[in-house]
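Beneath this line is the structure, given in structure tokens, with notes to follow.
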Amino acid sequence: MTNVATDAPAAKDTRSAGRALYVAGVVLLCAWVLVPIYFLTINTLSSPETVNSFPKPFFPEFDLGSLTFFANFAGMLSALKNSVIVAAMTMVMSIAIGAPAGYALSRFDFRGKELFRLLILLTRAFPLPLLALPLAVMFIQTGLDDTTFGLALVHTTLALPFAVLITFSLFSGIPLELEEAAWTLGCTRFTAFTKVVLPLILPGITASAIFAFVISWNEVFAAAVLTIENRTLTAFLLQSLDTSPLHLKFAGGFILVVPALIFIFAVRKYLFAMWGIANR
Amino acid sequence: MAEIQIKNVAKKFGEYQALHDINLTIADQEFMVLLGASGCGKTTLLRIICGLETATTGEVWIGGRRVDHLAPKDRGIAMVFQNYAVFPHLTVFENIGFGLRMQKLPDDEVKKRVERVAGLMHIEMLLKRYSGELSGGQRQRVAVARALAMEPDVILMDEPLSNLDALLRMEMRAELKGVLAESKTTAVYVTHDQVEAMSMADRISVMHKGEIVQAATPIEVYRNPAAEFVASFIGNPPMNFLPAENAGDGKWTVAGNVVDGPRTGTNRPLQFAIRPEDMQPADQGLPAKVRIVEPLGAHLLVTCDVGGALFRAVLDSDMQVKPGEMLTLAPQPDRVRWFDPETTKAVA
């Protein structure tokens, strides 16, 4: 390293160069995320003619032509409905199963607890394509194929690790003393949970539920493999990708991306908490 | 009537023996303090009485009923926690009324009882606030009020004042004592603060390494410690110890002086013990070389060297004492205590 006393100007140069690099990096990353969203927005809010022409306008013209076309496209609305149903079921199931697991992880000491936490994350290590074929076979055997419930089951499996980890960090943030106080004041373990713990973690649970919703909403592979008639929006768009006009693709993309973006933005605080815990 | 009986209670955490065969009876309406250094098992014992911890072996009886298999809510107890455990999502009113609501008492009864205990604890004006808007001392009051509102047979307190500053602690100490005496409940109070223990307790159970070394009134514990640990743990500054050689016929040689002592059958040496305030400068007595003089206002705390051992004396502040001087300290004969260095127990 250079001597700070004699090389002060050089050090200053290095610092400002580092700062410039940092700013450039931030700008690049922001652009990476924002530019596609920007184009998506422009093209969605333009008439089909503008979408197919060149050059593009810099500001959207707020023409709902593309969106109307999207809404009237055969099967699109039922696909949207399926997406909402599957995501809602995923949300309910992953919280119903994940929250008790998170509670157990934070409150009880049991053998293999650390291993269990690791295994939860490892479920994400299996690539879905690897599981898709056996899953499809099993679903056909049990009659779960091409149903929203069957797909919600798969999506729950995907969302569950996050639900467990987020709720684990939430429960760990509630002092055990509060529960113990409730027990001495006439509560059972269950009523202490509903009267003391639940009200305190409800915002976090909501965030975790929304995250599960988004995971299901964005998922395309399992949806494409496991459904035929009852496609979700992602699978439906994928299926009609090469046959549909440009403005339909943009409108579909917009409808997919925007809710997910808004939801994730709303719950970002809790997602950071989850990573904070997972890094421990 | 709620007498607490603890019979042969032992607790193991894995291989670690936290409590060894505890036997203790706490009388109805008695204020019992469990006193000891951290890790001595006092909180574990309290939690076993409460039901938040289960004893590995032994029985807990409250009011003539065996309770060790019951959930905390069925034991007729209320607990005040060290960190107050005031529910952050409820107002002070709903916190105090929480247990009453769980008992499904009618609204007007809840209101009556909450307002009564809030008055006792001087927090009537805080009833609409949330815990986040309260100071530590106020939270402490809410926690005590919540326990009192249950009108329990037994109230259990786990270092309830340890998170308060010194002045507030002194104020709460006196207030708690008054309120609890009035409520006529049996109280078990855990603390590591001997001043708290001495000033509040009807009886103190001094605990050490998972055992109760002595359970007696504060004055008894102070004057007649049952073991060396009690003598050195209680009292500030603690009791002085000097080795004593048996000179036969009930006489003992302490730092070159011959003192009257117990007649033991053997020739084993004993420990001579005396409280710092139980000594007077005199012509005859223990030769003490003064090391440090600390004026404390009412008294002088004089640290000296007697026969090579550290020795403290509390003398009148008018005394002219300087470091390096020699003093002759005469122990008050009826305040001298003797301990067997092998068993560390008191010898009569």
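The values are calculated or read from the model by the stated rules, or taken from the named source; none is laboratory data. Note that the coordinates shown come from a computational prediction; the quantities given were computed from them, not determined experimentally. Here Cβ is always computed from backbone atoms with ideal geometry, including for glycine, and neighbour counts include all displayed protein chains.
Scanning region B:14-41 for residues that are aromatic (F, W, Y) and either surrounded by 13 or more Cβ atoms within 10 Å (Cβ to Cβ) or farther than 16 Å from B:H208 by Cα (or both) returns a single hit, B:F31. In the set (1) within 20 Å of A:T191 (Cα to Cα); (2) part of a helix (DSSP H, G or I), the condition left unmet by B:V117 is number (1). Can you give me the number of residues within region A:144-198 that are under 14 Å from A:A99 (Cα atoms), within 11 Å of another protein chain (Cβ to nearest Cβ) and in contact with an Asp or Glu (Cβ under 9 Å, 6 or more places away or on another chain)? Total meeting the criteria: 1.
For region B:22-39, does any single residue satisfy the condition of being more than 23 Å from B:T217 (Cβ to Cβ) and away from chain A (no Cβ under 14 Å)? First the steps, then the outcome.
Going residue by residue through region B:22-39, those that are more than 23 Å from B:T217 (Cβ to Cβ) are B:38-39.
Checking which are away from chain A (no Cβ under 14 Å) leaves us with B:38-39.
Yes, region B:22-39 has at least one match.
All conditions in (1) in contact (Cβ under 8 Å) with a residue 40 or more places away in the chain; (2) within 17 Å of the chain's Cα centre (by Cα) hold for A:L105, with the sole exception of (2).
For first residues located in region B:236-258 and in contact (Cβ under 8 Å) with a residue 12 or more places away in the chain and charged (D, E, K, R), partners that are in a loop (DSSP other than H, G, I, E, B) and surrounded by 14 or more Cβ atoms within 10 Å (Cβ to Cβ) and lie 6+ apart or on another chain with Cβ distances below 8 Å form the pairs B:E245/B:P269.
Within the set B:S232, B:S205, the sole residue that is in contact with a strand residue (DSSP E or B) (Cβ under 7 Å, 6 or more places away or on another chain) and within 24 Å of B:L161 (Cβ to Cβ) turns out to be B:S205.
Of all residues in region B:87-101 being among the hydrophobic types (A, V, I, L, M, F, W, C) and either at positive phi or within 8 Å of another protein chain (Cβ to nearest Cβ) (or both), which is surrounded by the fewest Cβ atoms within 10 Å (Cβ to Cβ)? It comes out as B:F87. Taken over region B:71-81, the criterion of being surrounded by fewer than 19 Cβ atoms within 10 Å (Cβ to Cβ) and within 8 Å of another protein chain (Cβ to nearest Cβ) is satisfied by B:A71 alone. Per the listing B:D108, B:D165, the residue uniquely among the acidic types (D, E), more than 14 Å from chain A (Cβ to nearest Cβ) and within 22 Å of the chain's Cα centre (by Cα) is B:D165. Considering (1) at pLDDT 90 or above; (2) in contact with a Lys or Arg (Cβ under 9 Å, 6 or more places away or on another chain), the lone condition that B:G235 does not fulfil carries the number (1).
Using the structure shown, decide if B:M125 is in the same structural domain as B:N8 (by TED's automatic domain parsing), at pLDDT below 95 and buried (at least 19 other Cβ atoms within 10 Å of the Cβ). Against the criterion (in the same structural domain as B:N8 (by TED's automatic domain parsing), at pLDDT below 95 and buried (at least 19 other Cβ atoms within 10 Å of the Cβ)), B:M125 does not qualify.
Would you check which residues across region B:69-88 are part of a loop (DSSP other than H, G, I, E, B) and either without any contact (Cβ under 8 Å) to a residue 40 or more places away in the chain or under 18 Å from B:I6 (Cβ atoms) (or both) and list them? Break it down into steps so the answer makes sense when it comes.
Residues of region B:69-88 that are part of a loop (DSSP other than H, G, I, E, B), as a first pass: B:69-71, B:75-76, B:81-88.
Within region B:69-88, B:H69, B:L70, B:A71, B:R75, B:G76 meet the criteria.
For region B:161-178, the candidate set comprises residues that are surrounded by fewer than 16 Cβ atoms within 10 Å (Cβ to Cβ) and not small (G, A, S); within that set, the residue that is nearest to B:V221 (Cα to Cα) is B:M170. Would you pick out the residues in region B:42-70 that are touching a His at 6+ places or on another chain (Cβ under 9 Å), of a type in the set (V, I, T) and surrounded by 21 or more Cβ atoms within 10 Å (Cβ to Cβ)? Residues satisfying the conditions do not exist here.
What number of residues within region A:32-57 are among the charged types (D, E, K, R) and in a helix (DSSP H, G or I)?
Initially, region A:32-57 is screened for residues among the charged types (D, E, K, R), giving A:49, A:56.
Pick out the ones that are also in a helix (DSSP H, G or I) and you get A:49.
The qualifying residues number 1.
Being among the hydroxyl-bearing types (S, T, Y) and part of a strand (DSSP E or B) is a property that does not hold for B:T266. Within region B:39-68, residues that are assigned by TED's automatic domain parsing to the domain that holds B:A215 sit with their Cβ atoms under 9 Å from residues that are aliphatic (A, V, I, L, M) and modelled with pLDDT under 90, at 6+ positions apart or across chains, in these pairs: B:I62/B:A2; B:G63/B:M1; B:G63/B:A2; B:G64/B:M1; B:G64/B:A2. Whether any residue in region B:104-117 is touching a residue at least 60 places away in the same chain (Cβ under 8 Å) and of a type outside the set (K, R) is what I want to check. Looking through region B:104-117, none of the residues is touching a residue at least 60 places away in the same chain (Cβ under 8 Å) and of a type outside the set (K, R).
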